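> Mind having a look at this structure? Questions to follow.
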Amino acid sequence: MIIPSNTLIGWIGTGVMGSSMCGHMLAAGYRVTLHSRTKAKAKPLLDRGATWAESSLAVAAHSDVLFTMVGFPQDVRTVYFGETGILTGARAGMTLIDMTTTQPSLSREIAAAASAKDLSAIDAPVSGGDVGAKNAALSIMVGGDKKSVQAMMPLFELLGNKIVHQGGPGTGQQAKLCNQIVIAGTMVGVCESVLYGYKAGLDLNRMLDSIRGGAAACWTLDHLAPRILQRNFAPGFFVEHFVKDMGLALEESKRMGLVLPGLTLVHELYQTVQTLGHGRSGTHALMLALEELAKIHVSESPA
């Protein structure tokens, strides 16, 4: 049974979302050993009782269930397969849960390597951004052995309110890429709607209040459109990570012989956002690139 008294939790990655997610484990009474690239980012969790480890290997040595929430596929590969990585220090019977959005093929590779060492490996990327992470209201897309996934449900339920087992290793990642394709198209629609409303002379708050109540209703309108009007482009999810995710989806699409022109366009627009210096801003900073193209600057009151 997965309960605080008999389950040691390992956590690697304490970024915008990972920090809140790890915090939920501590709040539930689990003993947590953690590691992150920058120790200073982990300080709030250490102050709450988590134990610092100097490497991924050291985390694995003190964990029954080990979560990873890092940035890019190369980070995942290093964390799992590196000289001081998880698979070097993992013990038989452990469960490894990668919540990073990464290549489905890499998730399958991790699962195969874990199985060879008598470990379980699950890919469980999430959606919901910083708000979902803070409120334990993430949607979690899970790939892996059914029995292993069921055993981890008490932990997943500390992090999210929508947990769906997609199938075998890598399928959680495939579902997350479907999620990112939808977000990409939605974000363009929301930003262009605000641009249009501004140019038409509408009160943008009133306009958003109206369309949120109809068929256009969505998470992005509720949570990110207000931030755009406030000119608050702080990250709930980094632009550079979203560019990575869209690139993964386009790579997988090419492998499957599938053409996605909409996603290709949004990917190019977000690369412009990066060129403008906003790679570490939130995904709604797409507005800045669209404003640049339109040669206008949106404020809450129409021009």
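> What's the magnitude of the charge dipole for the chain around its Cα centre, counting Lys and Arg as +1 and Asp and Glu as -1 at the beta-carbon? Answer in Debye, nearest 20.
Charge dipole, the chain, about its Cα centre: 300 debye, nearest 20.
> What would the Debye formula give as log10 I(q)/I(0) at q = 0.11, 0.17, 0.21 Å⁻¹ for the alpha-carbon point model of region 61-210, no solvent?
-0.49, -0.92, -1.29
> Related question: Where Rh is the Kirkwood radius over the Cα pairs of the chain, the temperature 20 °C and the viscosity 1.002 mPa s, what D in µm²/s does Stokes-Einstein return? Spell out each step's value before the answer.
Values: Rh = 20.1 Å.
Roughly 107 µm²/s, to the nearest whole number.
> Could you pull out every one of the lysines with an alpha carbon less than 21 Å from that of Lys244, ignoring same-chain neighbours closer than 8 positions?
Lys176, Lys254
> Taking the chain as a Gaussian network, Cα atoms linked when under 10 Å apart, which of Ala124, Ala136, Ala217 shows the biggest mean-square fluctuation?
Among Ala124, Ala136, Ala217, the largest mean-square fluctuation in the Gaussian network model of the chain belongs to Ala217.
> In whole angstrom, how far apart do the alpha carbon centroids of region 125-148 and region 213-250 sit?
First find each Cα centre; the distance between them is then 17 Å.
> Return the aspartates and glutamates within reach of Lys146: Cα separation strictly under 20 angstrom, same-chain partners fewer than 8 residues apart disregarded; answer none if there are no such residues.
Leaving aside aspartates and glutamates fewer than 8 places away in the same chain, those within reach of Lys146 are Asp64, Asp98, Glu109, Asp118, Asp123, Glu157.
> Can you list the lysines whose alpha carbon sits under 24 Å from that of Lys39, skipping same-chain ones fewer than 8 residues off?
Partners within reach: Lys134.
> How big is the Kirkwood radius of region 1-148, worked out from every pair of different alpha carbons and given in Å to one decimal?
Working: mean 1/r = 0.0665 Å⁻¹.
It is 15.0 Å.
> At Leu158 and Leu276, where each label point lies 7 Å from the Cα along Cα→Cβ, what is the point-to-point distance in nanometres?
So the two model labels end up 4.0 nm from each other.
> Using C-alpha positions alone, give me the convex hull volume of region 175-294 per residue in cubic angstrom. Before the final figure, lay out each step's value.
Values: hull volume 12.6 nm³, N = 120.
For region 175-294, the hull spanned by Cα atoms encloses 105 Å³ per residue.
Taken together, the values in this text are just the output of simple stated rules run on the coordinates, not laboratory data. On a predicted model such as this, the values are computed, not experimentally measured, just so you know. Backbone-built Cβ (ideal geometry, glycine too); neighbour counts: all protein chains shown.
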